[in-house]
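Novice: Here you go, one structure.
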Amino acid sequence: MDEGLLDNICTHVRCSLLSADMAKLNYVREMQHRLQHQKMLTKVLGSDDYVDEIDQEWVCRVHRYNVEESISESLDGDDTLGDEIMVEEEEAAVPQPEESENLEIDVWQGYFKGFQMISETTEGATEENKKCIELLSVVCDEALDSYLHAGVRSFAIDLFYGNFIENQQLILRLRQCELNYSKEIGFPVSSTIFAKLSPRLQYTGLMEPPDLVVELKKGDKITLTNQRELSMHCTKNCVYVNGGFLFNDIHLCDFICIGPNIQVSVRKMDANLRCVVEIGGELKSRSPVLFPSRCSKFLISQEELEDITFCKEVGLNVIVSYIGGTKEYFENLQNALTTLGCKNMRLYARIVLNEIKGCDDDLNWMADSYDGFVVELSPSEQHPEQDILHLCPTADQFIKRVYQLQKVVIFQPTLIAEKRLILEPTYYPHVFLYPDKYILPCDRPVAGFYFFYLYDALAESVIKEALNELPYCDRSLTGSDSLARSIVCASIEMHAPLIFVCSLTGRMAAKIAHFRPKAQIIFITRMRSAEAFISLCHNVILLLYNGKSDDNYYCALYKHFLYGLLYAKSQGIVKHDDNVILVFEESASTRLPNKYVAYKYHSRYFPQHLDKILFSKFPYGFFDYYRGRGVDSKIEAVADVVPTK
């Protein structure tokens, strides 16, 4: 790759400034998360050093946690009265509706008894964790706050629009809102942001306003520019085109086509192209632009390289190519990532599913190579008012293959939400099972109102039907897929609202998400890099554990799950007597969780219960085992304390 091109990219993107801003923000986030972790576990376990040591005082504190009287030796004992009191306390803690609200609900005098009157303003109450909000420069902090409070943990940003300063401000505002919300609830809040790269194909930017249509006549003067500041502010006289790498190959009197009708000729060249309209027509936002055929065609455009550099500097590790392209393009894109020092970025591709034609296997390499896909649908040209979704066999097999490979699928449901495409039952899995997330614009909060009520009505039956398909073929080497499937089936049968996954990597959380459980998956880890991708998976919430590492595996496992249950309790997403599932590695030697246990959550005694249910190697509990050994300072090494068989 040309070194001069790289220098030019770094100059335009202003790498040093971006890095400095993000480094300051990340430092603040890290410190706040550490303080929150220390405050929470110190309050519960009574240690000032991230609870690194298990001593008699800490063990006693665990057993005294929020308990006025000593706990019964048997967990199966009769504690009905205490449970009833606990339920009454929880119900009393829920704010009761005001009298005015009761009058408003009863305005129909019981005629619709048993039904709830809803409006589009209540749309935010459904399937928030399935949504991926596309950030725009018009978004305000109040909107970001409402999305985070509702449970949205994935966002998208289109780098084709706006300059890098505007896009960086969007990301900083989101991270600042995360900090504020994290401070409010006392636990770390992390979301995933992925970036759409500028198209490799040439388009004009957005007119101002975006739906503006202007008429160009023969003889009108027009300027074509590649200055990103104008990508969202195109006018009749100045139009942004993402073709800066082609400008050097243009000659005087060359013809350039814009849209289906407009042709302009180049009359003067400086940093921009000064043109005159030769054939008039209508100019719209995002119109295709055709440069002369003698222009050299690079597989990677300058705009894409600038976007990748920007993502590297602001810490975005998931990028989406506008088209899947060819094998040569994919290899060139990987080489560009390696050259720019960000080869660990996750590569996604945008796919327009119902535009795939043909019956060959040319798309198999794409399903195997990319890490995920952003799936869109195009309206039918024959029936623009309404049409039934049709897919050719190649498109059908492609999306099924992507799902079987457990790749992330992000779906854009706009046409279905606007009732411009109607689904037939054959394609229900393509829309309600295969996608992990659904993209919605931030400036139209009710855009998915109809779609998500359709999702609520159909998704559960589609997911159960997929789980009931037999025989099931486990393609994993360790049987982890079967374990993940069993966990999801157990969560459905037990009506469990939560699945806790404790692991260093997000592989098991992603495998469980692949089978689309209705329960929320809380992934508890100390691996900070997981926030760059894990929230794109179905129903996954990342909970960063920011304590110091422990010498003893069992101690660390206990504290991870205790931290997760404290989070669930504080947020009110688990109630007394709810069933929850805990997924973990049975010993420190395993690399992937290989065990799960079901726990009937007790809102008062859960710290003590964890001690009994997690560690089958200790019949009387982990803490009683160490108390009996008289350990007063640091715990011995794991190999010395685990009983031999």
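The values are calculated or read from the model by the stated rules, or taken from the named source; none is laboratory data. Everything numeric in this text was worked out from a predicted model, so none of it was measured. Methodologically, a virtual Cβ is constructed for each residue, glycine included, from the backbone with ideal geometry; neighbour enumeration extends over all protein chains shown. Heads up: the accessible areas ignore ligands, DNA and RNA and are worked out on the full protein's heavy atoms, side chains in. Shrake-Rupley method; radii C 1.70, N 1.55, O 1.52, S 1.80 Å.
Novice: Testing Ile487 on (1) at pLDDT 95 or above; (2) farther than 26 Å from Leu544 by Cα, one condition comes back false. Which one is that?
Specialist: Only one criterion in (1) at pLDDT 95 or above; (2) farther than 26 Å from Leu544 by Cα is unmet by Ile487, namely (2).
Novice: Could I ask something else about it? From the residues in region 418-459 that are acidic (Asp, Glu) and under 22 Å from Val540 (Cα atoms), which one is most open to solvent (accessible area, probe 1.4 Å)?
Specialist: Only one residue tops the list, namely Asp456.
Novice: Another question about this same structure. For region 221-240, enumerate the residues that are of a type in the set (Ser, Thr, Tyr) and assigned to a strand (DSSP E or B).
Specialist: Of everything in region 221-240, those that are of a type in the set (Ser, Thr, Tyr) and assigned to a strand (DSSP E or B) turn out to be Thr223, Thr225, Tyr240.
Novice: Then there's this: Look through region 475-517, keep the residues that are outside any loop (DSSP other than H, G, I, E, B) and basic (Lys, Arg), and return whichever of them is surrounded by the most Cβ atoms within 10 Å (Cβ to Cβ).
Specialist: Among those that are outside any loop (DSSP other than H, G, I, E, B) and basic (Lys, Arg), it is Lys511.
Novice: Residues that are open to solvent by 60 Å² or more (accessible area, probe 1.4 Å) and closer than 23 Å to Gln412 by Cβ: which strands (runs of 3 or more DSSP E) entirely in region 268-375 hold 1 or more of them?
Specialist: In region 268-375, 346-352 are the strands (runs of 3 or more DSSP E) which contain 1 or more residues that are open to solvent by 60 Å² or more (accessible area, probe 1.4 Å) and closer than 23 Å to Gln412 by Cβ.
Novice: Taking Ile521 as the residue in question, decide whether it is outside any loop (DSSP other than H, G, I, E, B), farther than 30 Å from Arg34 by Cβ, β-branched (Val, Ile, Thr) and touching a helix residue (DSSP H, G or I) at 6+ places or on another chain (Cβ under 8 Å).
Specialist: Spelling it out, it is not the case that Ile521 is outside any loop (DSSP other than H, G, I, E, B), farther than 30 Å from Arg34 by Cβ, β-branched (Val, Ile, Thr) and touching a helix residue (DSSP H, G or I) at 6+ places or on another chain (Cβ under 8 Å).
Novice: Could you run through region 208-222 and say how many residues are free of Cβ contacts under 8 Å to residues at least 60 places away in the same chain and either within 27 Å of the chain's Cα centre (by Cα) or open to solvent by less than 20 Å² (accessible area, probe 1.4 Å) (or both)?
Specialist: Counting residues in region 208-222 that are free of Cβ contacts under 8 Å to residues at least 60 places away in the same chain and either within 27 Å of the chain's Cα centre (by Cα) or open to solvent by less than 20 Å² (accessible area, probe 1.4 Å) (or both) gives 1.
Novice: Residues that are closer than 30 Å to Leu170 by Cβ and open to solvent by 10 Å² or more (accessible area, probe 1.4 Å): does region 396-410 have at least one?
Specialist: Yes, there is a match, as at least one residue in region 396-410 is closer than 30 Å to Leu170 by Cβ and open to solvent by 10 Å² or more (accessible area, probe 1.4 Å).
Novice: Here is a further query. In region 554-580, what count of residues is obtained for those that are open to solvent by 30 Å² or more (accessible area, probe 1.4 Å) and either touching a Ser or Thr at 6+ places or on another chain (Cβ under 7 Å) or farther than 19 Å from Val488 by Cβ (or both)?
Specialist: Within region 554-580, residues that are open to solvent by 30 Å² or more (accessible area, probe 1.4 Å) and either touching a Ser or Thr at 6+ places or on another chain (Cβ under 7 Å) or farther than 19 Å from Val488 by Cβ (or both) number 6.
Novice: Consider Arg286 against the criteria (1) under 30 Å from Leu172 (Cα atoms); (2) out of contact with any strand residue (DSSP E or B) (no Cβ under 9 Å at 6 or more places or on another chain): it satisfies all of them except one. Which criterion is unmet?
Specialist: If we test Arg286 against (1) under 30 Å from Leu172 (Cα atoms); (2) out of contact with any strand residue (DSSP E or B) (no Cβ under 9 Å at 6 or more places or on another chain), just (2) comes out false.
Novice: Pairs only if they're at least six apart or on different chains, beta carbon under 9 angstrom, first in region 14-35 and over 19 Å from Tyr181 (Cα atoms), second modelled with pLDDT under 75 and part of a helix (DSSP H, G or I); list them, first residue then second.
Specialist: Cys15/Ile9; Ser16/Cys10
Novice: Could you list, in sequence order, the residues of region 151-171 that are open to solvent by 10 Å² or more (accessible area, probe 1.4 Å) and either under 21 Å from Gln36 (Cα atoms) or assigned to a loop (DSSP other than H, G, I, E, B) (or both)?
Specialist: Result: Gly151, Arg153, Tyr161, Asn163.
Novice: Just give me the residues in region 532-553 being in a helix (DSSP H, G or I) and either among the aliphatic types (A, V, I, L, M) or surrounded by fewer than 24 Cβ atoms within 10 Å (Cβ to Cβ) (or both), in sequence order.
Specialist: Across region 532-553, the qualifying residues are Ala532, Ile534, Leu536, Tyr553.
Novice: Six or more apart or on different chains, Cβ atoms under 6 Å: show the pairs whose first residue is in region 516-538 and closer than 19 Å to Asp456 by Cβ and whose second is part of a helix (DSSP H, G or I) and open to solvent by 10 Å² or more (accessible area, probe 1.4 Å).
Specialist: Arg516/Ile463
Novice: Let me ask something additional. Restricting attention to region 232-245, does a residue exist that is over 39 Å from the mean Cα position of the chain (by Cα) and open to solvent by 20 Å² or more (accessible area, probe 1.4 Å)?
Specialist: yes
Novice: Hey, any hits in region 192-207 for a residue that's of a type in the set (Val, Ile, Thr), in a helix (DSSP H, G or I) and under 30 Å from the mean Cα position of the chain (by Cα)?
Specialist: No, region 192-207 contains no residue that is of a type in the set (Val, Ile, Thr), in a helix (DSSP H, G or I) and under 30 Å from the mean Cα position of the chain (by Cα).
Novice: Another question, if that's okay. Inside region 518-529, can you point out the residues that are surrounded by 19 or more Cβ atoms within 10 Å (Cβ to Cβ), over 16 Å from the mean Cα position of the chain (by Cα) and among the hydrophobic types (A, V, I, L, M, F, W, C)?
Specialist: Hit for region 518-529 is Ala519, nothing else.
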